[in-house]
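A.B. asks: Below you'll find the structure I mean.
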Amino acid sequence: MNKPDIKDIKSKIEKKVDPQHQGFFHTRTFHILLCVGIVLIILILYNCVIRTDKVAVTPEQEELNQQHESMYLDTFDVVGDYLFPPLKTSKEDQTTEAEKTDKQQDKSEAKVSKPADSEEDIIESADISSDPTPAPPPPPVAPAPTVETIEQ
């Protein structure tokens with residue numbers, strides 16, 4: 001009788017377990033890894049061989065680049081201000097530096113020019129409200145409506 005060879009036994013087992021086995025080189029994973037490797041090699045070659053360094057920028061080109069950048073930032077600011085307007089502007093934000101210094105000088109002159117003699121003068125000169133205009137009177141109250149019952 002013939003003695004079975006190890007290769008024959010191995011091939012019979014592979015045919016029973018996985019008859020269409022073609023190896024790792026035919027799997028989808030290998031093909032994806034191969035594509036990623038090829039892309040990486042192409043990128044490395046591009047960076048090393050084909051790409052050139054930036055050419056020296058002339059002052060005119062630099063000026064144009066600054067203008068383009070400022071135009072972009074201005075557009076961005078306008079759109080941002082339109083989409084997100086400031087919620088409330090305080091009176092301090094609206095006053096200029098000159099007005100602030102004028103107010104401080106007026107306060108210091110007022111303190112120096114007339115000192116308060118008594119408590120009554122202090123109370124009379126105190127500015128209690130920050131708003132000089134008086135509040136409008138409340139609207140007149142209308143009488144409450146009455147409910148009529150319907151008799152059947």
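A.B. asks: Within region 86-102, work out how many residues are at pLDDT 70 or above and of a type in the set (D, E, K, R).
C.D. replies: Of the residues in that region, 4 qualify.
A.B. asks: Out of (1) open to solvent by 90 Å² or more (accessible area, probe 1.4 Å); (2) modelled with pLDDT under 75, the odd one out for residue 118 is which?
C.D. replies: The one condition residue 118 does not meet is (1).
A.B. asks: Follow-up question, since we're still on this one. Take residue 83 and tell me if it is at pLDDT 75 or above, aliphatic (A, V, I, L, M) and surrounded by 10 or more Cβ atoms within 10 Å (Cβ to Cβ).
C.D. replies: Details: at pLDDT 75 or above: yes; aliphatic (A, V, I, L, M): yes; surrounded by 10 or more Cβ atoms within 10 Å (Cβ to Cβ): no.
The answer is no for residue 83.
A.B. asks: Being surrounded by 10 or more Cβ atoms within 10 Å (Cβ to Cβ) and of a type in the set (Gly, Ala, Ser) is the filter here; which residues of region 35-80 pass it?
C.D. replies: Scanning region 35-80 gives 37, 70, 80.
The values are calculated or read from the model by the stated rules, or taken from the named source; none is laboratory data. Here the structure is a predicted model, which is why all the values come from computation and not from measurement. Don't worry about glycine lacking a Cβ; one is built from the backbone with ideal geometry, like all the others, and counts go over all protein chains shown. These accessible areas exclude ligands, DNA and RNA; they are computed on the full protein's heavy atoms, side chains included. Shrake-Rupley method; radii C 1.70, N 1.55, O 1.52, S 1.80 Å.
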